[in-house]
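Enquirer: Submitted below is the structure of interest, expressed as structure tokens.
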Amino acid sequence: MAYSSYKNLIGGEWLPAKSGKTFLNLNPADHSDIVGEFPASGPEDVALAVAAAQKTFGPWRLFPAPKRAEILYRTGQLLQERKEQYARDMTREMGKVLAETRGDVQEAIDEAFFVAGEGRRLFGKTTPSELQNKFAMSMRMPVGVVGLITPWNFPMAIPSWKLFPALVSGNTCIIKPAEDTPLSTYNLVQTLMDAGLPPGVVNIVVGFGPDAGAPLVEHSGVRAISFTGSSEIGSLVAQRAAATFKPVSLEMGGKNAQIVLDDANLDLALDGALWGAFGTTGQRCTATSRILLQKGIAAEFTAKFVARVQKLTVGNGLQDGIEVGPQVNEQQIETSKKYVEIALTEGARLLTGGHPLTEGPYSKGTFFAPTVFAGVAPSMRIAREEVFGPVVSLIEFETFGQAIEIANSIDYGLSTALYTKDVNRAFTAIRDLEAGITYINAPTIGAEVHLPFGGVKHTGNGHREGSEAIDFFTTWKAVYIDYSDKLQRAQIDNAE
Ligand code: ADP
């Protein structure tokens, strides 16, 4: 079957990897459908991209921020026109169902319009000086050339969370998309260029993590790295970046809990659990992977939940009526299989699923049956480690205090949800849950772009995307203007 061949975007030119190596991007619902051929880049391609980004940094940083923002605004408008096509491309390369890929493009649109407003803000501060006839202020400056490393589960939304704030702040960028989903990054960057982004301001280098991601992290010309992916690789990225003192923003894994109290609206909690656990085939960093059930409702919730999970329609996300798409690749299937084995060995009870789907319509792709475990103890690995697949654990508890304790007992701290009608407990949970995000009566997934996004513990290293992303992509300059016409010594001349 004919397919397109894509190249790296460096300094506005489409260039093959220096090595000439390429790889194929396959549709995870049907491996006979080749989405495209992409360059398998290495350090020499990264070096070219860094040189191009360094060259354009000078003019781009001087281009007024409101003008930079207008390009982002136009990008948002163009994305609205292209939404359906880009959503289809994304389902083909990544698998999640069309309603969700439309949502992914929509998130990039929301981000474009939100960040575009920042072009006329980027506020600094003014403050009194301790000396007479002296003025003091702080201003935000761009960081320089920034490296952006993105995962495959939100192939357009996550690149937009990084590219747009980086650009409005005056940085030039090199983006290394996940090897499973480069096309959506091409679509996004093509739209930026069609909206008027000058050549060389954003450069794309496609390739595998160790070959193309690692050299970007290590390159001395790159001034900051923004990474979203696994905690394992995030740790590696932070260690490598430390050698050149690069700031690193890490957004990583989760093991997100939905707590259901006895007084909850059970149908609402069921809807939330189903969507939170199996939306994006469980492949979201905010996916619900633990459902904590208070004893009074546990049996009823479990029976109703399993019945609904068994009715989920798994299949090719491009087709109508499909609710759960494939897993993105064979490696993810292997991880799901591995955790099913671990859970069974630990003594958890498999209520449904637990195996790949390989027959009939599933034979050409990487599908896994929606899986539910009960009888899970908080100490089990299945209750503590990220699976990143359609596998969820039910954990029972007696008191509200125990639920908070179990929810907090893991290494991750991204998203949490509480279902209750008790306002006192809701506010207590908001205060006590160790997580970057807490939902009340809504599932663990569904972040909006204009709030802080990120987590605590092994989920992140203290930075936030969304509303706070500008903090990472700018650096502060303090400015003092002395109009006294004499030397004034701080801490000395005004000490009396
Ligand atoms: P996921 O499990 O979501 O694929 P990874 O952490 O493996 O998460 O990958 C996230 C991103 O990090 C991808 O773009 C991947 O290519 C990149 N990556 C993987 N290994 C490295 C590495 N050693 N250095 C830099 N980037 C890497």
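The values are calculated or read from the model by the stated rules, or taken from the named source; none is laboratory data. The model shown is predicted, which means the values in this text are computed figures rather than measured ones. We place every Cβ from the backbone using ideal geometry, glycine too, and count neighbours over all the protein chains shown. Calculation scope for accessible area: heavy atoms of the full protein, side chains included, ligands and nucleic acids excluded. Shrake-Rupley method; radii C 1.70, N 1.55, O 1.52, S 1.80 Å.
Enquirer: For the range 1-115, please list each of the strands (runs of 3 or more DSSP E) lying entirely inside it that holds at least 1 residues being touching an Asp or Glu at 6+ places or on another chain (Cβ under 7 Å) and surrounded by 15 or more Cβ atoms within 10 Å (Cβ to Cβ). Talk me through it step by step, then tell me what you get.
Expert: Numbers: elements: 8-10, 13-15, 22-27, 30-39.
The strands (runs of 3 or more DSSP E) meeting that bar are 8-10, 22-27, 30-39.
Enquirer: Turning to a different aspect of this structure: In the range 201-237, what count of residues is obtained for those that are away from the ligand (no atom under 11 Å from the Cβ) and of a type in the set (Val, Ile, Thr)?
Expert: 4
Enquirer: Against the condition open to solvent by 40 Å² or more (accessible area, probe 1.4 Å), out of contact with any helix residue (DSSP H, G or I) (no Cβ under 8 Å at 6 or more places or on another chain) and either at pLDDT 95 or above or outside the structural domain of residue 87 (by TED's automatic domain parsing) (or both), how does residue 282 come out, does it pass? Spell out how you get there, then give the answer.
Expert: On the way: open to solvent by 40 Å² or more (accessible area, probe 1.4 Å): no; out of contact with any helix residue (DSSP H, G or I) (no Cβ under 8 Å at 6 or more places or on another chain): yes; either at pLDDT 95 or above or outside the structural domain of residue 87 (by TED's automatic domain parsing) (or both): yes.
Answer is no for this residue.
Enquirer: Please find, among 169, 184, 231, the residue that is in contact (Cβ under 8 Å) with a residue 40 or more places away in the chain, of a type in the set (S, T, N, Q), in the same structural domain as residue 19 (by TED's automatic domain parsing) and under 30 Å from residue 441 (Cβ atoms). Working first, answer last.
Expert: On the way: 169 fails: under 30 Å from residue 441 (Cβ atoms); 184 fails: under 30 Å from residue 441 (Cβ atoms).
Result: 231 is the single residue among 169, 184, 231 that is in contact (Cβ under 8 Å) with a residue 40 or more places away in the chain, of a type in the set (S, T, N, Q), in the same structural domain as residue 19 (by TED's automatic domain parsing) and under 30 Å from residue 441 (Cβ atoms).
Enquirer: Something else: When you go through 392, 456 one by one, which is the residue that is among the hydrophobic types (A, V, I, L, M, F, W, C), under 28 Å from residue 333 (Cβ atoms) and away from the ligand (no atom under 16 Å from the Cβ)? Give the derivation first.
Expert: Numbers: 456 fails: under 28 Å from residue 333 (Cβ atoms).
Only one candidate qualifies: 392.
Enquirer: Is it the case that the range 238-245 has a residue that's within 12 Å of the ligand (Cβ to nearest atom) and out of contact with any strand residue (DSSP E or B) (no Cβ under 7 Å at 6 or more places or on another chain)?
Expert: Of the range 238-245, the ones within 12 Å of the ligand (Cβ to nearest atom) are 238-241.
Applying the additional criterion that residues be out of contact with any strand residue (DSSP E or B) (no Cβ under 7 Å at 6 or more places or on another chain) yields 239-240.
Among the residues of the range 238-245, at least one is within 12 Å of the ligand (Cβ to nearest atom) and out of contact with any strand residue (DSSP E or B) (no Cβ under 7 Å at 6 or more places or on another chain), which makes the answer yes.
Enquirer: List the pairs whose first member sits in the range 395-412 and is in contact (Cβ under 8 Å) with a residue 12 or more places away in the chain, whose second member is open to solvent by 40 Å² or more (accessible area, probe 1.4 Å) and polar (S, T, N, Q), and whose Cβ atoms are under 9 Å apart, counting only residues at least 6 apart or on separate chains?
Expert: Hits for this filter: 400/428; 404/428; 409/379.
Enquirer: Kindly establish whether residue 155 is within 14 Å of the chain's Cα centre (by Cα) and either within 14 Å of the ligand (Cβ to nearest atom) or in contact (Cβ under 8 Å) with a residue 60 or more places away in the chain (or both).
Expert: Working: within 14 Å of the chain's Cα centre (by Cα): yes; either within 14 Å of the ligand (Cβ to nearest atom) or in contact (Cβ under 8 Å) with a residue 60 or more places away in the chain (or both): yes.
The answer is yes for residue 155.
Enquirer: Quick one: which residue in 183, 192 is more than 26 Å from residue 286 (Cα to Cα), more than 8 Å from the ligand (Cβ to nearest atom) and at pLDDT 95 or above? Outline the logic, then answer.
Expert: Values: 183 fails: more than 26 Å from residue 286 (Cα to Cα).
Selected residue: 192, the only one of 183, 192 that is more than 26 Å from residue 286 (Cα to Cα), more than 8 Å from the ligand (Cβ to nearest atom) and at pLDDT 95 or above.
Enquirer: Any idea which of 331, 327 is open to solvent by 20 Å² or more (accessible area, probe 1.4 Å) and more than 22 Å from residue 410 (Cβ to Cβ)? Full working, then the answer.
Expert: On the way: 327 fails: open to solvent by 20 Å² or more (accessible area, probe 1.4 Å).
Among 331, 327, only 331 is open to solvent by 20 Å² or more (accessible area, probe 1.4 Å) and more than 22 Å from residue 410 (Cβ to Cβ).
Enquirer: For the structure I just gave you, tell me whether residue 467 is of a type outside the set (D, E, K, R) and assigned by TED's automatic domain parsing to the domain that holds residue 169. Walk me through it before giving the result.
Expert: Numbers: of a type outside the set (D, E, K, R): yes; assigned by TED's automatic domain parsing to the domain that holds residue 169: yes.
Considered against the rule, which asks whether it is of a type outside the set (D, E, K, R) and assigned by TED's automatic domain parsing to the domain that holds residue 169, residue 467 comes out as yes.
Enquirer: Give me the strands (runs of 3 or more DSSP E) completely within the range 118-161, filtered to those with at least 3 residues that are crowded, with 16+ Cβ neighbours inside 10 Å, ordered by residue number. Show your work before the answer.
Expert: Working: elements: 125-128, 134-142, 145-149.
In the range 118-161, the matching strands (runs of 3 or more DSSP E) lie at 134-142, 145-149.
Enquirer: I'd like to check which strands (runs of 3 or more DSSP E) are fully inside the range 403-496 and have at least 2 residues that are in contact with a Ser or Thr (Cβ under 6 Å, 6 or more places away or on another chain) and among the polar types (S, T, N, Q). Break it down into steps so the answer makes sense when it comes.
Expert: Details: elements: 415-419, 437-440, 474-482.
Of the strands (runs of 3 or more DSSP E) lying wholly inside the range 403-496, those with at least 2 residues that are in contact with a Ser or Thr (Cβ under 6 Å, 6 or more places away or on another chain) and among the polar types (S, T, N, Q) span 415-419.
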